[in-house]
Amino acid sequence: MIQYLFVINSKGDLLLLKNYQRMPLAPDIAESFMENKNKVDIPVFKYNGLVHQYIKREDLYFVAAVMEGISEFLIVEFLQRLCQLCKDFCGVVNELAVRQNLMLLHEVIDEVVDTGVIQQTATEKIRPFIHSQPTVVPVKVIDQPGLFGVEKRVVSGSAANKPVILSRGDLEARRNEVFLDVIEKITAQFGSDGNLQRSDVRGEIQMKSFLTGSPVIHIALSDNIVIGTEEQKTGYGTTLLEDCQFHDCVKRSERKNTFIISPPQGEFLVCSYQLSGEVMSQLPFRLQAIVEDYDTTRDIELILKLHCDAPAAAKALAVTVTVPLPKCTTGITQRLDSSGQMAEFQREEKQLVWTIGEMFGGSKFLSQFKLLVSSRANYQRMEVGPIALSFELSNYLSSHLKINTVKVYEGSHTYVPYRWVRYVTLSNSYIFRT
Amino acid sequence: MSAYGSFNDISELKAILSKEELKGDIGQQRFLLGTLLELHVQGVSIDEALAEVAKLLPSYDIIVKKLACLIIQQNVASAPDLALLVVNTLQRDCRDPNPAVRALAVRTLCSLPNAPDVAQTTVLAALKDGSSYVRRAAVVACIRLHRSCPEMVDNAQLVDRVYDLLRDNDAVVVANAVDALDNILREEGGIVINRSIAHHLLSKIQTFTEWGTVRVLDVLKKYVPKTDEEAIEIMNMCDFLLHHSNMSVVIAAIKFFQHITKNMPQLQKCILERAKRPFMLILSSTNYELLYFVLCYIFQTIDQCSSIFSTKHTKFYCRYNEPAFIKIKKLQLLPYLVVEEDGCELIEELSLICMDVNNDVSSAAIIALSKVHERFPTFHQEILQKFTQLLDLKNDNVICTILTCVEKFGGRSEDDLDQMKKLIEKALLCVDLISNDESRCALLTLLASHGKDIANVPYILEEIFNTHRDNDSFVFNMGLLLAATKLFLWRPAECQDILGNVMERCTNSSHCEVRCKTIFLYNLLQVDPYVAKAIFFNSSEKIVGSQCLDTNDASQNEVSYPEGTQPREGDHLTHS
């Protein structure tokens, strides 16, 4: 039983509050939460006799307070689902969206939680009871990297950030579209000799459908994919998707690698998987770091070479290389080989951040730096590194998975829907040891 | 920033609300009610405007109704007369053709504090309503009613009716009924689960929502199956729950299965193995809060989990961009998940994390390395080597943590002693950087245990003594005393001076135990130094936090003094 729920921003301003207790709440509820949160670093803590749990998404905290004895998994999954519902109804989840859509969110939460008891959280079950109209918050285009759709048609990334529940005005103007995102996150660690020590790729296929009626969607994956368990053997050129978990509404059809989906409303996860097999060694980026310290001069030289091994159609935006530096470093001088790059020495964190604006597949970049240290005696070679790489690479997947066909069957309506497919590879923790 | 402009004066709002023109303007009504709600959230008292809100309740617009009901529910505690204004409207709404309006009215009626009879009759009627949406609200309203007037609900009629609803067609009604009964009957131990109810709930287990399933499984733990076959049949029926995409369902299912297989311990581990897949998926997700709880769960059940996850221990390695609380939890867990063959790999990985910028994370990594040492003593050399390298970082937090950990390592072979010597020598080079007393005490203990091989130890001890003349902490002085005594027994000629200085300092300490110990040791050495040597070097001596434990033999000679009668400097004790 939830005692109370609230949403606050990172500064501690209370945006939304739902109290399920009999007595009114103290007015400083947000401040006491922030105070207690800063004392401990974990997402659950107890004060005022109640257990408080929170999740942090973007710059918002979703907080629930419960009596002791309630499963902490229940609350954290519920908060995650609540956040997802806000996204379905408002398009995005940030402070402005919450403030503009307060009444809508009150209605949604009232449908979902009654007197602290969780009722229903499926978007299509709740939708008939919601009468407020969403106010769509404009999303800054700068934050959204440009993305490529199928073939030559392009929409910006924010196109998928519309609320699934549209206001009456938008209903007539609605286009029938379905968005499919295949997102893979890579965790990799390379040794100081440049060899891959270990890697792990986790993929997700997400779907967001703005289609009228109740369509049935058939999706066919490319033939180089094998879905199964560890014991199955893979041939050359095939990728094994392990630990596949499908959503309840997905059924496998008799044809190979084809799925039949009856999508629920809102955004949902079609499938999540892990990769294994030979593709693990074909990772998109390689970095070489050379650290030289000559005894004659006082400066230490650092050379970074970054190669992108993806095919030319792939494009990475905002590639960032972060190098921790020794504590005695006072500054850097830099030499970069082309424009569109930037390097910065962050004094407090004692790290070097090299940013490349845009990087196409098959390209490489070189940068040279000299580290100025205050005292040579205190310099330790092992304080340089490990180097972290972060990127968002579109049009490339380590698994070489492709969605070959997306067919929409809808009995009562006749329309040709727009089908947008996006392939993105993200870095989860891409480390090079020095 | 807000959508509702800035009204700060409630009377202003009240004036607008009471205007005639407002009657037809739904948009304006919604706007004003929304403003009131927001002000209430910010802590402004809106009691003045409540009468006007009550007047808006009979509106035809459902949003206005919802907002009005919400405001009433939140404020009825501070304005009891409000209830009288709205009871009639709400009773009429309970017969409205729209089920959403009926449900809303039932909810609101049951939160009014001074209309219990009305509320009771309303709820009884609503429990039989044709629409499942209304029945759901009615069941939950029983909880509200119970909170405000328990006598009304203890009236057996209501409880029986809710028990009947366990057989309802709608899964959410059933789940709500389970929750309501558990709450209302909490004093009597919650809902009663007999065999027929248990089997009924289990047969419907596929129809519940994820939240309902968790609640039902929780409550089903009260049921004990009569035979092992029944337990296995139940598990087969609910097996699909172990692969659910919602982690709370998986965990609830695991706990339930483990409860019903209490008599069959060999199955307990099988259950966890079957649930392995959802765990593995969470390990590579970025939902850090959920991951934290999963890691805590694995830590709690480490005895069963360690063999299941040991082949996949690399999935538990820390990732660069994870928040500190995740890294620390993983570091707590890792030493228990690996088998000996993977020890080297783990040590390499952990030594990398020891250099992390965050102090808590690097301390956790060092402690993890010492736990690896505890489990697999064969890695003694490697770990000591890693620690020695880390001392080069000249980071005070790292040095302190390493010293407190290494103190607990025992001495082994010649090679091991050699490595330990190197570590101590390195530590002595950065002795100024040590910032807390526990670590200084740890260093002193190490010096004492290995002091006979290290040159210059007496002079080092003297230096430490001189630098910290004014340090009166218990831990430090005890450590200094015992170290000086031990070193004196090894190298009497060199350490006689320093022992004298230390003892003189300690007899003036503000801690009575330090003084007692000093006098005792002084007498012991006076009486028979060879006995002292036998005591100190025959069994290991530990300094644990703020307590000093000597060997068993020495404790026989301990004399404890009641408060106020401590001997002063120069006193002599006689042993009996």
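The values are calculated or read from the model by the stated rules, or taken from the named source; none is laboratory data. These numbers come from a predicted model, not from an experiment. Don't worry about glycine lacking a Cβ; one is built from the backbone with ideal geometry, like all the others, and counts go over all protein chains shown. When the accessible area is computed, the model is the full protein with side chains, heavy atoms only, and any ligands, DNA or RNA have been set aside. Shrake-Rupley method; radii C 1.70, N 1.55, O 1.52, S 1.80 Å.
Computed about the Cα centre, the dipole magnitude for the protein assembly as shown is approximately 2760 debye when only Lys and Arg (+1) and Asp and Glu (-1) carry charge, each at its Cβ. Compared with the dominant Cα axis of chain B, that is its longest principal axis, helix B:359-375 is turned about 70°.
For B:Thr227, what charge total do you get from the other residues with a beta carbon under 14 Å from its beta carbon, if Lys and Arg give +1 and Asp and Glu give -1?
For residues surrounding B:Thr227, the net value is -1.
Using θ = phi - 60° in the Karplus curve 6.51 cos²θ - 1.76 cosθ + 1.60, the 3J(HN,Hα) couplings for segment B:513-522 round to 5, 5, 4, 4, 4, 4, 5, 4, 5, 4 Hz; x is entered for Gly and Pro.
Residue by residue, segment A:196-207 carries 3J(HN,Hα) couplings of 6, 8, 7, 8, 7, 10, 10, x, 9, 10, 10, 10 Hz when phi is fed to the Karplus relation 6.51 cos²θ - 1.76 cosθ + 1.60 (θ = phi - 60°); x denotes Gly or Pro.
For A:Phe190, what is the net charge nearby, where nearby means another residue's Cβ is under 9 Å from its Cβ and Lys, Arg count +1, Asp, Glu -1? Within the 9 Å Cβ shell, the charges total +1.
Once both labels are modelled 7 Å past Cα along the beta-carbon direction, what's the B:Glu233-A:Asp295 spacing in nm? If labels sit at B:Glu233 and A:Asp295, their model points lie 8.4 nm apart. Tell me whether segment B:16-104 comes out rounded, prolate or oblate; compute the Cα gyration tensor, take square roots of the eigenvalues as a ≥ b ≥ c, and use a/c under 1.5 as the rounded threshold. Cα axes put segment B:16-104 in the oblate bin. Contact with the other protein chains removes 10 Å² or more of accessible area, compared with the isolated chain and a 1.4 Å probe, from these residues of segment A:180-215: A:Lys185, A:Thr187, A:Gln189, A:Arg198, A:Asp200, A:Arg202. In percent, rounded to a whole number, the relative contact order of chain A is 15, using alpha-carbon pairs under 8 Å and six or more apart. Summing charges over neighbours of B:Arg274, with a neighbour being any other residue whose Cβ is under 15 Å away from its Cβ, gives +1 when K and R count +1 and D and E count -1. Split the accessible area of segment B:256-306 by element, probe 1.4 Å, and carbon with sulfur accounts for 50%.
The mean accessible area for residues of segment A:263-408, using a 1.4 Å probe and ignoring ligands and nucleic acids, is 44 Å² per residue.
Proximity of backbone amide H atoms, modeled 1.01 Å from N, is registered between A:Leu16 and A:Val7 at under 5 Å, excluding neighbours fewer than 5 places apart on the same chain.
Which of rounded, prolate, oblate describes chain A, given a ≥ b ≥ c as roots of the alpha-carbon gyration tensor eigenvalues and a/c under 1.5 marking rounded, otherwise prolate only if a/b is larger than b/c? Because a/c hits 1.5 or more and a/b fails to exceed b/c, chain A counts as oblate. The string of couplings for segment B:422-435 from the Karplus curve (6.51, -1.76, 1.60, θ = phi - 60°) is 4, 5, 5, 4, 5, 5, 5, 5, 10, 5, 5, 7, 6, 9 Hz, one whole number per residue in order, with x for Gly and Pro. Given the pairs B:Lys222/B:Lys269; A:Lys305/B:Lys426; A:Lys364/A:Lys407; A:Lys125/B:Lys312; B:Lys204/B:Lys330, which are separated by over 28 angstrom at their Cα positions? Check vs 28 Å cut-off fails for A:Lys305/B:Lys426; A:Lys364/A:Lys407; A:Lys125/B:Lys312; B:Lys204/B:Lys330. The relative contact order of chain B, computed from alpha carbon pairs under 8 Å that lie at least 6 residues apart in sequence, is 5 percent.
Per-residue ellipticity at 222 nm from helix content only, as computed over chain A with -39500 (n - 2.57) for each DSSP H run of at least four residues, stands at -4000 deg cm²/dmol.
Give the aspartates and glutamates whose C-alpha is closer than 15 Å to that of B:Lys421, dropping any in the same chain fewer than 8 places away, or say none. Of all the aspartates and glutamates, those that pass the test against B:Lys421 - Cα under 15 Å, at least 8 places apart if same chain - are B:Glu382, B:Glu407, B:Asp453. Per residue of A:382-388, other chain Cβ atoms within 10 Å of the residue Cβ number 3 on average. Backbone amide hydrogens, once placed in the peptide plane, bring A:Leu211 within less than 5 Å of A:Glu177, excluding anything fewer than 5 places away on its chain.
On association of chains B and A, roughly 6500 Å² of accessible area becomes buried (total for both chains; probe 1.4 Å).
Think of the protein assembly as shown as a dipole: +1 on every Lys or Arg Cβ, -1 on every Asp or Glu Cβ, centred on the Cα centre; then among B:Leu241, A:Tyr415, A:Gln133, A:Tyr415 lies furthest on the positive end. Per residue of chain B, the DSSP helices (runs of n ≥ 4 H) give a summed -39500 (n - 2.57) that works out to -20500 deg cm²/dmol at 222 nm. Ignoring ligands, DNA and RNA, what percent of the accessible area of segment B:135-179 is carbon or sulfur (1.4 Å)? Carbon and sulfur: 45 percent of the exposed surface of segment B:135-179. The overall shape of the protein assembly as shown is prolate: from the C-alpha gyration tensor, with semi-axes ordered a ≥ b ≥ c, the ratio a/c is 1.5 or greater and a/b exceeds b/c.
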